[in-house]
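A.B. asks: Mind having a look at this structure? Questions to follow.
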Amino acid sequence: MNGYMVLLSDLILFLAILSVLNVFVFIVFAADKDAARKNSWRISERTLILLGMFGPFGAFGAMKIFRHKTQKIKFYLIPLFAVLQSALLIGAFIYFT
């Protein structure tokens, strides 16, 4: 197996992990919105923002779909995390190819 195939398989694995992570974050944001509607135990904002750093696309999608945490200024960082994650992915792809 040549170096390109190893790189490609590593990239696919990395993208798969990021996809699963973003789906997980989406589900966590959705669960927090559901808890807010039911006035029950909530996930801390600190935890949501931390998750948003690692799964910004899932967090941003859930924020838009469920209209959750859209009025909180600190959650405006979520789209920035998405841009940074995208830039890192593109940069890594360019660097390693």
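Here is a yes/no grid of residues against (1) modelled with pLDDT of 90 or more; (2) farther than 23 Å from Ile90 by Cβ:
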| site | (1), (2) |
| --- | --- |
| Leu13 | no, no |
| Leu18 | no, no |
| Phe26 | yes, no |
| Ala31 | yes, yes |
| Asp34 | yes, yes |
| Asn39 | yes, yes |
| Phe54 | no, no |
| Ala59 | no, no |
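A.B. asks: Further question on the same structure: For the range 50-57, state whether one or more residues are in contact (Cβ under 8 Å) with a residue 60 or more places away in the chain and either touching a helix residue (DSSP H, G or I) at 6+ places or on another chain (Cβ under 9 Å) or among the aromatic types (Phe, Trp, Tyr) (or both). Please lay out each step first, then the result.
C.D. replies: As a first pass, look at the range 50-57 and keep what is in contact (Cβ under 8 Å) with a residue 60 or more places away in the chain: none.
No, the range 50-57 has no match at all.
A.B. asks: Oh, and also: Mind checking which residues of the range 29-67 are of a type in the set (D, E, K, R) and under 21 Å from Leu84 (Cα atoms)? First the steps, then the outcome.
C.D. replies: As a first pass, look at the range 29-67 and keep what is of a type in the set (D, E, K, R): 32-34, 37-38, 42, 45-46, 64, 67.
Listed by number, the residues that qualify are Glu45, Arg46, Lys64.
A.B. asks: Identify, by number, the condition in (1) surrounded by 10 or more Cβ atoms within 10 Å (Cβ to Cβ); (2) in a helix (DSSP H, G or I); (3) not small (Gly, Ala, Ser) that Arg42 doesn't meet.
C.D. replies: Only one criterion is unmet by Arg42, namely (2).
A.B. asks: What about Phe66, is it in contact (Cβ under 8 Å) with a residue 40 or more places away in the chain, aromatic (Phe, Trp, Tyr) and touching a helix residue (DSSP H, G or I) at 6+ places or on another chain (Cβ under 7 Å)?
C.D. replies: no
The values are calculated or read from the model by the stated rules, or taken from the named source; none is laboratory data. What you see is a predicted model; the values in this text were computed from it and never measured. Glycine gets a Cβ as well: all are built from the backbone with ideal geometry, and neighbour counts include every protein chain shown.
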